[in-house]
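Notes follow the structure.
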Amino acid sequence: MSTKLRSRSGWKTPVSLICVIAVCVLLNILGSRLNAVLGMPLYLDDIGTILSAVLGGYIPCITVGFLTNIVNGLFNSTTIYYCIISVFIAAAAVAFANKLRRVRFPHVIYAVLTFAALGGIAGGILTWLIFGLSFGEGFAVDLAASINNIIPIGYFSSNLLSAFLIDIADKALTTAIALGIFKMLPDRLIKYLKSCSWYYITLFEKSEPGSRRRFSLRLKVTAVVALSTTLVASAAIGTSILQYHRYTIAEFEEQGSNASELIAQKLDADRIDDYLTLGRKAQGYEQTEEMLYNIRNASPDIKFIYVYRIEPDGTHVVFDLESDDIKADKAGDIIEYDATIERYKDRFLAGEDIPGDVTDDSSGWLLSVYKPVKDSAGKTQCYVGVDMEMDRLRSDEFAYLAKTISLFIGFLILIRTYAVWIAERQIVKPINSIANVSRRSSYDTVEALEKWLKMLDALEIDTGDEIETLYDEYVKAARNTVRYIEETRRKSEQLTKLQNGLILVLADMVESRDKCTGDHVFKTAAYTEIILRQMKKEGISADMLTEEYIGEVVNSAPLHDVGKITVSDVILNKPGRLTDEEFRIMQSHTVEGGKIIDKAIAIVDDDSGYLAEAKNLALYHHEKWNGKGYPTGLSGEDIPLSARVMAVADVFDALVSRRSYKEPFSVDKALDIIREDAGTHFDPDVARAFINAQDEVRRVAKLNMEP
């Protein structure tokens, strides 16, 4: 592939992905804006999310779900914290995508209910947390109140049910619009998107059948990304929560300090003794008390305001404002030290400044701020105490935590999705492609090796990193391997030809001593191959008759009479009938042939292949099926198969050839003899295969027939 074509292919993925994401995010924004204009109690902000799910899967869908909330956050800042809900709906949409494409009605209903459960129930719980353990106000809250009036299930449950019902209507309309748009898209566009590398990348790995991997590379990469992101984000969330907590307490403390400072400035310290003695009857007492009430009512976070003089015998009340749930103490009353005063008693008695103190008891979670009130002589007469109510901090921290975690999980899923894609596209897929090509290729023929190289070239891995380097080096090594195998095979073929040639030369030298045998070694080898291939064709001993075995038997067939080299020329070329002693010597050529080949086997230190079959042929080709042959009297299948085949080939060639002691038989007569001796002299299966292949037999016999 040219560089230009690769460049264009490289742009195809990001451009197509960005276009799909941009269009689908725009659909979500337009849907939510249209809903706002029409004033409907719906959302319509998942149209693009569902459309992207059926168009391309997790990569565009989760991105669309996340970015929609980010963009909508520009109009309503609270929306950004619902990105986790949008991401979950996106994942569910992809899970239902195949059924949604076909518009299978029952599955569409299941999908709508799933979307509604995520958006209504999970989203409702998130709303409750974000709004400080409250559902806020609006149509959904009003509907919840009506539901609770009819079925008293409580504030929390009724609001979740209300949100679920509203979301059913919203997701049904949203799904219908998304599928309508999908059905209107041209098939050409759908096919184009299917060709993109981001199309339907899955979030979760499916193990291959028979795979022994415990942890795939893809899983390791995404686990590292997820773990590192989680650790960093967890540390960031924990730090931000701690800082938020400290900042909020500092804010409460500053507010309480300002209030106590203001009171200390307005309080007449020189009249404290009169206030303690006369109480409300003292001059200016009621006006001061009214001022304290005004300051308390000015801030919703101030729960208690009081003025105490701390003495060794206890706390002397100067002012104590009444609240809705606690009755105030009267001026002049002496009460026990509370926890804060007890903790800082010495400093109170010394008239020193007191640090803010947080307590959580029956009065609630409070931040107490004390300010000393000094008279004109600079002596501390009493302390102004302001208790800031901290319950709002709890709800605020819940809301802050919910917002932060929601945003983090949504972002984490987005990052993990892209990590899976990048790992799949840049690492896992290239490596698996190389492995699959190697696994599914064979290397036993030149054509298979060439096919292997072509398949490797077709991968065209161009990741631009170490993976591409690995691929290039692997292809280079594969080419070198193929060249080496071809060279080795060529040399092996040369050696095989040399070996077979030497065998034929040796056999011919042996046979040339016998003036009557002519080209016997060549004809018997030809008949042997005809028999073996006919047997394979008929399924006789099919598991044994491999190409390798047939080649070994045929190539070693010329050595079947190698033992005749030990027989005297006088006996070999005697024109008349042999005596019993001469015949015994002639029979010994089988045993002598076996010994000769045993020596060859010992030299090459190998008892397999053609030498093993050569020994079988030399030693047993005169054995008979009925056990009346020589030299060992083997019978039936105890006789090696190659020897049983050679027995037929050897006898047939002897019958149709001229000998010093006989004239040649006709082919038909020889075939009749083979047929008659099947089951006695010859293996019946071998004899039948020979007879069935008589057309080939006649052709060979005719080519070698003497004129």
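Laboratory data are not the source of any read-out in this text; all were calculated from the coordinates shown. Since the structure is predicted, the reported quantities are computational estimates derived from the model, not experimental observations. No Cβ is skipped: glycine too gets one built from the backbone with ideal geometry, and neighbour counts run over all protein chains shown.
Between helix 580-604 and the chain there is an angle of about 30 degrees, using the helix long axis and the longest principal axis of the Cα atoms. Amide H contacts of Ser657 (H built 1.01 Å from N, in plane; Pro and chain starts excluded): Phe665 sit under 5 Å, all sequence-distant by 5 or more or on other chains. Here Asp677, Asp569 are placed in order of increasing Cβ neighbour count within 10 Å, fewest first, which gives Asp569, Asp677.
Note on Lys191: lysines with a C-alpha under 22 Å away, same-chain residues under 8 apart excluded, are Lys12, Lys99, Lys183, Lys429.
When you restrict to C-alpha pairs under 8 Å that are six or more residues apart and normalise by the size of the range 3-200, the relative contact order lands at 24 percent. Annotation: amide H-H contacts under 5 Å for Gln381 (H modelled 1.01 Å from N, sequence separation of 5 or more, or interchain): Val373, Lys374, Asp375.
Using the Cβ-Cβ distance between Asp472 and Ser216 with R0 = 30 Å, the FRET efficiency computed as 1/(1 + (r/R0)^6) comes to roughly 0.80. The H on the amide N of Phe304, modeled in the peptide plane, is under 5 Å from the matching H of Asp387, each at least 5 residues off or on a different chain.
Peptides 539-552, 358-371 ranked from most to least packed, by the mean per-residue count of other Cβ atoms within 10 Å: 358-371, 539-552.
Using the Karplus relation 6.51 cos²θ - 1.76 cosθ + 1.60 with θ = phi - 60°, the per-residue 3J(HN,Hα) values for the range 682-693 come to 10, 4, x, 5, 5, 4, 5, 4, 5, 5, 5, 9 Hz, with x marking Gly and Pro.
Only beta bridges with both residues in the chain are counted; by DSSP, about 95 percent of them are antiparallel.
Helical runs assigned H by DSSP (4 residues or longer) give the chain a calculated mean residue ellipticity at 222 nm of -21000 deg cm²/dmol, each run adding -39500 (n - 2.57) before division by the residue total. Computed from Cα atoms, the angle from the helix 105-116 axis to the main principal axis of the chain rounds to 40 degrees. Against the chain, whose longest principal axis is taken from its Cα atoms, helix 694-703 shows a tilt of about 50°. Considering only Asn98, Met535, Val373, and ranking their Cα positions along the charge dipole of the chain that arises from unit charges at the beta-carbon of Lys, Arg, Asp and Glu, the one farthest toward the positive end is Met535. Look at the Cα gyration tensor of the chain: its axes a ≥ b ≥ c give a/c of at least 1.5 with a/b over b/c, and that counts as prolate. For the peptides 475-484, 383-392, residues were scored by their other Cβ atoms within 10 Å and the scores averaged per peptide; the highest-first order is 383-392, 475-484. Using Cα positions and a limit of under 24 Å, work out the lysines in reach of Lys491, with same-chain residues fewer than 8 apart set aside. Qualifying lysines at Cα under 24 Å: Lys451, Lys476. Within straight-line reach of Lys371, meaning a Cα separation under 24 Å, sit the following lysines at least 8 residues removed in sequence or on another chain: Lys266, Lys303, Lys327, Lys330, Lys345, Lys379.
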